[in-house]
């Protein structure tokens, strides 16, 4: 067996299940799950209709590179969303459909990391999406954790990364808007990272799957490709972005996303994926075309989240002051007691499940940056989120 498998930690939800073995939930209250970031808003009809219309398209093998029409729809969306110059995103060279960003983020490290070097490093935020860590370990690389704390506004302090660490870096994972904090990296910082990637010869993998859930319609989050273009990097050298329909279009079961950016990197990633055997179903591709071509359902999705976040925050204002995230659908809440104890009390008293922040982080020399926080995903309907806020308030008032 691959010995690096032994380095993998249990997934956060496995840890949560073990925690709750001694935290039995009350049977007189319906369960409310704020622990899993699985969108519960209705999947738009345009996706359903496209699936039904193209159900007969299953009689041939799909190409790993995907349909030209899908790549064109993605290129058009990227150009429109991030104000890129017309024609700057070549659907033939700069775009690759993937079966959701999770599998692509993992596979990307296996393709990028050069195992022949003595100490390849993969830099990533801490707390983080655990796929980054697992991808690095199974690529025989060393994860380097960059703490995200309230003091640095939950953005890694890249100025604290020294020249030796940048020299060892082969891949930098970014997550903006961040999971779990919702923090957004600004364009100036992204450009600084692009310059560092050029200087030290590493690749940036920017996970932007929450980019379409934000609260100010006039201020959408910046993206890596837009930042690169603004500084003259029009071929997106060393820049690769990951986007998904799971959050944007409430379609996690479709398993549809894309990777876009540096054409030379994507050429090698396509070669890897050709052997990986991960071509997207034709039916999913047709549904994805419909989704990327429509913004009406996305704007309505944001409206629903704004309504829930405002109601949830107002209910808890006197007992659990919450800081609005820049974007995304999580509250990263500081807890009045230990995060694991707080999660257990909510489960025992209210049948409300939240995820301890320490399960999403790793210990560093400065401690665990997730300790004392919980992640709460406001993915359910408004009424259920409101009910959850009232139950959480009741528990806090008993502390």
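For this structure, a couple of remarks:
- Criterion: over 28 Å from residue 222 (Cβ atoms), in contact (Cβ under 8 Å) with a residue 12 or more places away in the chain and assigned by TED's automatic domain parsing to the domain that holds residue 20 - qualifying residue of 360, 320: 320
- Note on region 20-35: among residues that are exposed (fewer than 14 other Cβ atoms within 10 Å of the Cβ) and touching a residue at least 60 places away in the same chain (Cβ under 8 Å), the one that is farthest from residue 394 (Cα to Cα) is 22.
- Note on region 2-19: residues that are without any contact (Cβ under 8 Å) to a residue 40 or more places away in the chain and either part of a loop (DSSP other than H, G, I, E, B) or in contact with a strand residue (DSSP E or B) (Cβ under 7 Å, 6 or more places away or on another chain) (or both) total 1.
- The single residue among 197, 205 that is crowded, with 24+ Cβ neighbours inside 10 Å, in contact with a strand residue (DSSP E or B) (Cβ under 7 Å, 6 or more places away or on another chain) and on the phi < 0 side of the Ramachandran plot turns out to be 205.
- Residue in region 36-47 that is surrounded by fewer than 16 Cβ atoms within 10 Å (Cβ to Cβ), over 18 Å from the mean Cα position of the chain (by Cα) and more than 30 Å from residue 390 (Cβ to Cβ) present: yes
- When 388, 377 are checked against the criterion of being closer than 21 Å to residue 214 by Cα and either buried (at least 23 other Cβ atoms within 10 Å of the Cβ) or touching a helix residue (DSSP H, G or I) at 6+ places or on another chain (Cβ under 7 Å) (or both), a single residue qualifies: 377.
- Qualifying residue in region 327-335 (condition: touching a helix residue (DSSP H, G or I) at 6+ places or on another chain (Cβ under 8 Å), part of a helix (DSSP H, G or I), at pLDDT 95 or above and surrounded by 14 or more Cβ atoms within 10 Å (Cβ to Cβ)): no
The values are calculated or read from the model by the stated rules, or taken from the named source; none is laboratory data. From a predicted model like this one, the values you see are computed outputs, not experimental measurements. Don't worry about glycine lacking a Cβ; one is built from the backbone with ideal geometry, like all the others, and counts go over all protein chains shown.
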